[in-house]
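Student: Sharing a structure with you now.
The values are calculated or read from the model by the stated rules, or taken from the named source; none is laboratory data. Everything quoted here is computed from the prediction, not taken from an experiment. When we count neighbours, we look across all protein chains shown, and the Cβ atoms used for this are built from the backbone with ideal geometry, even at glycine. Accessible surface is based on the protein model in full, side chains and every heavy atom, while ligands, DNA and RNA are left aside. Shrake-Rupley method; radii C 1.70, N 1.55, O 1.52, S 1.80 Å.
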Amino acid sequence: DVLKIVTRETLAECESLTDYNTVSVSQNDNDQYCQCPSCEAINTREGSPMGSLLAFVNSVADAAAAEHPHREIGTLAYQYSRKPPKTLRPRSNVRVQLCSIECCVIHALDDPTCPLNAAFMRDLNGWSNLAERLSIWHYQVNFSDYTLIYPSLRWIDHNVRIFVSHNVEGIFMQAAGET
């Protein structure tokens, strides 16, 4: 039933779009995902909770492509879903937005001595081989205190070049909001 509801609402949003082209079908901003036997079977096979999420997103994307071939479906590769699946590939109309929230900002993303960034680079390499449409959600903010210095300036240009070399088409950099 959830797939039918999300598909119906996504198609309605595709129909009503006027000033943008992407409809988001993404996980919630928490660590809770479906662990029913069907979803867990997919996740186990794919080695990541992204398995069941991407299977769901691909189903919505198939319906959208049939009725709105010029639209794309966006989804996040974020926290528990950041690791790419082993065999599933995003449909050609699916935009994956890989999120770097767990990364260390003291080191460049490609610094192999930083375990956080090395893990992210494995995921970036995986997604750049899987996704035709890949974007990045990069963080330039300390969520525990927006007024604290965020020591990432020395690596911004280097990291952007890394993204570009991995076929990333767009980068959203989230910085401090209301202070």
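Student: Taking the stretch 95-106 as the region of interest, how many residues are touching a Leu at 6+ places or on another chain (Cβ under 8 Å) and either among the hydrophobic types (A, V, I, L, M, F, W, C) or over 17 Å from Val25 (Cβ atoms) (or both)?
Tutor: Final tally of qualifying residues: 7.
Student: May I pose another question? If Ala64 satisfies every condition in (1) in a helix (DSSP H, G or I); (2) out of contact with any Cys (no Cβ under 9 Å at 6 or more places or on another chain) but one, which is the exception?
Tutor: Every listed condition holds for Ala64 apart from (2).
Student: Are any of the residues in the stretch 151-171 assigned to a strand (DSSP E or B) and open to solvent by 30 Å² or more (accessible area, probe 1.4 Å)?
Tutor: Yes - at least one qualifying residue is present in the stretch 151-171.
Student: Turning to a different aspect of this structure: What is the one condition in (1) closer than 23 Å to Phe163 by Cβ; (2) outside any helix (DSSP H, G or I); (3) open to solvent by less than 40 Å² (accessible area, probe 1.4 Å) that Leu53 does not satisfy?
Tutor: Going through (1) closer than 23 Å to Phe163 by Cβ; (2) outside any helix (DSSP H, G or I); (3) open to solvent by less than 40 Å² (accessible area, probe 1.4 Å) one by one, Leu53 breaks only (2).
Student: Going through the stretch 1-35 one residue at a time, which ones are of a type in the set (Ser, Thr, Tyr), open to solvent by 30 Å² or more (accessible area, probe 1.4 Å) and in a helix (DSSP H, G or I)?
Tutor: Ser16
Student: Of these, Ser38, Ser92, Ser48, Ser59, which one is open to solvent by 20 Å² or more (accessible area, probe 1.4 Å), of a type in the set (Ser, Thr, Tyr), assigned to a loop (DSSP other than H, G, I, E, B) and modelled with pLDDT of 95 or more?
Tutor: Ser92
Student: Scan the stretch 95-148 residue by residue and report those that are charged (D, E, K, R), within 25 Å of Val60 (Cα to Cα) and part of a loop (DSSP other than H, G, I, E, B).
Tutor: Here is the first cut: in the stretch 95-148, the residues charged (D, E, K, R) are 95, 102, 110-111, 122-123, 132-133, 145.
Going one step further and asking which of them are within 25 Å of Val60 (Cα to Cα), we end up with 95, 123, 132-133.
Correct list: Glu132 only.
Student: When the stretch 67-89 is examined, which residues are found to be farther than 14 Å from Gly47 by Cα and in a loop (DSSP other than H, G, I, E, B)?
Tutor: Scanning the stretch 67-89 gives His68, Pro69, His70, Arg71, Tyr78.
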